[in-house]
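No lab work stands behind these numbers, since they all come straight from the coordinates. These numbers were taken from a predicted model, which means no experiment stands behind them. Cβ atoms come from the backbone with ideal geometry, glycine included; neighbour counts cover every protein chain shown.
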């Protein structure tokens, strides 16, 4: 990977608590490319929010380092660090707007801190409010806005200092599904039109699926796996990856005596009726034990667990068909899932 905009090397973070030392992050290594939408997903308590706060040194790592455009944050002076943070906007789950300021003044706030003139700050704020579709709400106060509108203001504020990166810490967790969809669409548009790198911290696979190019799965303070969303969705390598993608239902599959297969969908056209074609071609039934597939950019991604017929000849016919049409599969047993 050439010149990542953010490189995280051997990063660790410990906190002192009344119960002793707590290891929040352990040996984190990640490269994030300029212009991509990068997801970091994990269950509650996995270390996601600590990681995002270490990326901009709101939390200082216990060990390791973060490099922004090749420069070590650990080696920076206070002034250099503040300047670098202006290149990394941040949006939060609870919006963090200033209640006593109207929408315009909320967006102006980081510009004031950066020493921008009031006239220029107001011009920039109006430009950004138009970008996020809230120009008519410039004089409104946060209490008068919906959750989605508040997050749009927060996005405008995060963009005020022309950042190269936006860090989104569970930015859609407090929003309903439709509002979440519109906010994710806005982030995708900003990424596309402005070239801003977006880092999305979430516990929701649907968010990763909607907008991310690559994803890292964090589990118990460590990176379990990292890769392109299409690859992780079609064939998660880690136990936590399978849990997040397949869900709890996969663990409830009961197996009889006949062979079980995991069929892997890794890029076939989503309209292709794979199982229907299999049944028609082989003239034998299969039992679908579990399925979790998604349409990612017009291609099918995910997995399906099927039970073959007990008759050995019928089962071999199904295997032959899968080999012929080049559909990836593997035999599974209960403990594999």
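I'd like the orientation of helix 103-113 relative to the chain: the angle between its Cα long axis and the longest Cα principal axis, in ° from 0 to 90, rounded to 10.
The two axes meet at around 70 degrees.
In a GNM of the chain with a 10 Å cut-off on Cα contacts, which of 151, 292, 100 has the highest mean-square fluctuation?
100
Go through 142-149, 91-98, 13-20 and give me the packing order, highest mean Cβ count within 10 Å leading. Please list the in-between numbers first.
On the way: 142-149: 15.5, 91-98: 17.9, 13-20: 10.5.
The most tightly packed comes first, giving 91-98, 142-149, 13-20.
Please give the FRET efficiency for residue 127 paired with residue 60, using the beta carbon to beta carbon distance and R0 = 41 Å, rounded to the nearest 0.05.
Values: r = 34 Å, r/R0 = 0.83.
Computed FRET efficiency for residue 127 and residue 60: 0.75.
Tell me, what are the semi-axes, in whole angstrom and largest first, of the equivalent ellipsoid of the range 1-69 as set by the roots of 5 times the Cα gyration tensor eigenvalues?
For the range 1-69, the ellipsoid semi-axes come out as 23, 13, 9 Å.
With a cut-off of 8 Å between alpha carbons and a minimum separation of six or more residues, what is the relative contact order of the chain in percent? Mind showing how you got there, number by number?
Numbers: 617 pairs, mean separation 57.7, N = 337.
Value for the chain: 17 percent.
Once you put a point 7 Å from the Cα of residue 239 and another 7 Å from the Cα of residue 9, both along the Cβ direction, what distance in nm separates them?
3.2 nm
Per-residue ellipticity at 222 nm for the chain, helices alone: DSSP H runs ≥ 4 residues times -39500 (n - 2.57), over residue total, nearest 500 deg cm²/dmol?
Numbers: 11 runs with 115 residues, N = 337.
Counting only the DSSP helices, I get -10000 deg cm²/dmol.
Tilt of helix 147-159 relative to the longest C-alpha principal axis of the chain, in degrees (0 to 90, nearest 10)?
Between helix and principal axis, roughly 60 degrees.
How long is the gain from residue 144 to residue 44 if the chain were fully straight, where each residue apart is worth 0.36 nm and the alpha carbon distance is subtracted? Present the calculation step by step, with values, prior to reporting the outcome.
Working: separation 100, 0.36 × 100 = 36.00 nm, distance 3.09 nm.
Value of the extension gain: 32.9 nm.
Kindly give the semi-axes, whole Å and largest first, of the ellipsoid equivalent to the chain, taking each as the square root of 5 times a Cα gyration tensor eigenvalue. All intermediate terms of the calculation are to be shown ahead of the outcome.
Details: eigenvalues 390, 109, 57 Å².
Largest first, the chain gives 44, 23, 17 Å.
Do you know the relative contact order of the range 1-139, to the nearest whole percent, from alpha carbon pairs under 8 angstrom that are 6+ apart?
Numbers: 152 pairs, mean separation 28.7, N = 139.
It comes to 21 percent, rounded to a whole number.
Just for the chain, what percent of DSSP beta bridges are antiparallel, to the closest 5?
For the chain, the DSSP antiparallel bridge percentage is about 70.
Suppose R0 equals 45 Å; then what is the FRET efficiency for residue 83 and residue 279 from their Cβ-Cβ distance, rounded to the nearest 0.05? Numbers along the way, then the final one.
Details: r = 62 Å, r/R0 = 1.39.
Result of the calculation: an efficiency of 0.10.
Tell me, what is the FRET efficiency for residue 266 and residue 162 to the nearest 0.05, using R0 = 41 angstrom and their Cβ-Cβ distance as r? Spell out each step's value before the answer.
Working: r = 39 Å, r/R0 = 0.94.
The calculated FRET efficiency here is 0.60.
Can you give the Rg to Rh ratio of the range 92-209, both from alpha-carbon atoms, with Rh computed by the Kirkwood formula?
Working: Rg = 13.6 Å, Rh = 14.3 Å.
Result: Rg/Rh = 0.95.
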